Structures are given as structure tokens and as C-alpha cells.
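Notes to accompany the following structure.
The values are calculated or read from the model by the stated rules, or taken from the named source; none is laboratory data. Since the structure is predicted, the reported quantities are computational estimates derived from the model, not experimental observations. Cβ sites come from the backbone with ideal geometry, for glycine too, and all protein chains shown count toward neighbours. Areas reflect the complete protein model, heavy atoms only, side chains present, ligands, DNA and RNA absent. Shrake-Rupley method; radii C 1.70, N 1.55, O 1.52, S 1.80 Å.
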Amino acid sequence: HVYEAAVPAVLIGKAYRIPVVVTEHSTGFPMRRLPRQDVRMARFAFSKADMVLPVSLSLQKAIENYGVKARFQIVPNAADSSLFYPSLDSRPDNRPKRLLFVGLLDPSHRKGLPLLLHALARLEEQRTDWCLDLVGDGPARLEYELMAADLGLVDKIVFHGFKTKEEVG
């Protein structure tokens, strides 16, 4: 699971003749933020793995842009459709469109929350019929709350903290 853990996995896999499959979710690839040492690790691990499973075609292309050669198959992130599904009520209404973000609020910004908040600030210039439920917590929560305030989005975003899957659904 991710290139850092794949290095020892492929070494053990080759020694014991066990196939190794690596999943990859990292935004470090598309954001071009991998240090040189990490690029070497990724190239080694992915080239030796029997299969590499990025979560999207764009992530696969970002990995390949680092010169990584591997056997790829895309396996998207999964969602439990018994918990998360569109409303069956097709009647139009005037309620705001509800957006949902679920993730760790960490200072590395791996989940792209600053990008989302800035995009919503631009959206607010065009339309105001939306709100964001932000589920999650972490060391950068205060930073994100201040960012939302600076962008004039305080009335549009609710920071809920941690919730169970059932509470989110």
C-alpha cells in the first residue's frame, strides 16, 4: 500500500516468490512534490511489483511522468453505496446544494482542502446556493477555519469534526 511500503514488499516478494501488488493514492505525484529519493523508491518498487493499482488514470499518468515503468491497472477508491447514495426524491427544491468533504485535516494539505476552499470562494462569486459539510479533524483544523473566514465562507461551511461512517451517510 503506497510506494514507501512497496520497497520492502517487493524485496520480500522476490525472495519468497510471492506476487506483489501495490496500491497508490498519493497526491505527491500529480503535485510534483516527490523528493529525488522518493522518486527512486517509487521507480524501484513499481518496476519490480507484479501490478500497480493507482486510483485514477490521472494518477497513473502523473506516476509515469516521473519516468516510472510498471504494469498498471486502475482501481478507483470505493464508496459504500448502502451508506452513500443520491436522494430518490427528484422534486426540485430551493435548498442549497450540499457538498461533502471527508478527510484528515493535516498540514501537508494532501487532501487538497486549500484548493477546494479557494474554488468555493470563486464559486460564491457566481452562485450562492450551496453549503459544504466538512467532516474530519486534525492539526490543521484551525488553519482551515481561518482560511474559510478569510475567504468569506464562514456561513457556507460547517466543520463537523470526526464522525462515524453511519453519521456521515
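Quick check: at a probe of 1.4 Å, how many percent of the accessible area of the chain sits on carbon and sulfur atoms?
Carbon plus sulfur share of accessible area: 56 percent.
For mean projected area of the Cα convex hull in nm², several values are listed as (1) 9.1; (2) 10.0; (3) 12.6; flag the one computed from this structure.
From the options (1) 9.1; (2) 10.0; (3) 12.6, the structure gives (3).
Longer than 22 Å from Cα to Cα, which of K14/K111; K61/K97; K97/K156 are they? Say none if no pair is.
Too far apart for the 22 Å limit: K14/K111; K61/K97.
Mean-square fluctuation check for the chain, GNM, Cα pairs under 10 Å: which of N77, N94, N65 is largest?
N94
About its Cα centre, what dipole magnitude does segment 113-169 give when the only charges are +1 on Lys and Arg Cβ and -1 on Asp and Glu Cβ, stated in debye to the nearest 20?
Values: 6 positive and 11 negative charges, 26 e Å.
It comes to approximately 120 debye.
Over segment 47-129, give the accessible area per residue in Å² for a 1.4 Å probe, as an integer.
73
Taking just the alpha carbons, could you work out the radius of gyration and Dmax for segment 95-169, both in angstroms?
In order Rg, Dmax, the Cα atoms of segment 95-169 give 11.9, 34 Å.
Quick check for you: which residues of segment 110-144 have the amide N under 16 Å from the point 7 Å beyond the Cα of K97 toward its beta carbon?
Those under the cut-off are 116-133.
About its Cα centre, how strong a charge dipole does segment 69-169 have in debye, to the nearest 20, once Lys and Arg get +1 and Asp and Glu get -1 at the Cβ?
Taking the Cα centre of segment 69-169 as origin, the dipole is about 520 debye.
Nothing charged except the Cβ atoms of Lys and Arg (+1) and of Asp and Glu (-1): what's the magnitude of the dipole of the chain about its Cα centre? Round to the nearest 20 debye.
980
If you split all Cα-Cα distances of segment 1-80 into 10 Å bins from zero, what percentages do you get per bin, shortest first?
Using 10 Å bins, I get a P(r) of 21, 55, 22, 3 for segment 1-80.
Quickly work out the R71-to-R110 label distance, labels modelled 7 Å from Cα along the C-beta direction, and quote it in nm with one decimal.
2.7
Taking the full set of protein chains and a 1.4 angstrom probe, give the accessible area of E125 in square angstrom, rounded to the nearest 10.
The accessible area comes out at roughly 140 Å².
Can you tell me the convex hull volume per residue for segment 13-53, based on C-alpha atoms, in Å³ to the nearest whole number?
Dividing the Cα hull volume of segment 13-53 by its residues yields 63 Å³.
Students sometimes get this wrong: rank F162, F46 by accessible area, probe 1.4 Å, all chains present, largest first.
Working: F162 145, F46 0 Å².
Of F162, F46, the descending order of accessible area is F162, F46.
May I ask for the net charge around G161, where only other residues with Cβ less than 14 Å from the Cβ of G161 are counted and Lys, Arg are +1 while Asp, Glu are -1?
Here the charged neighbours net out to -2.
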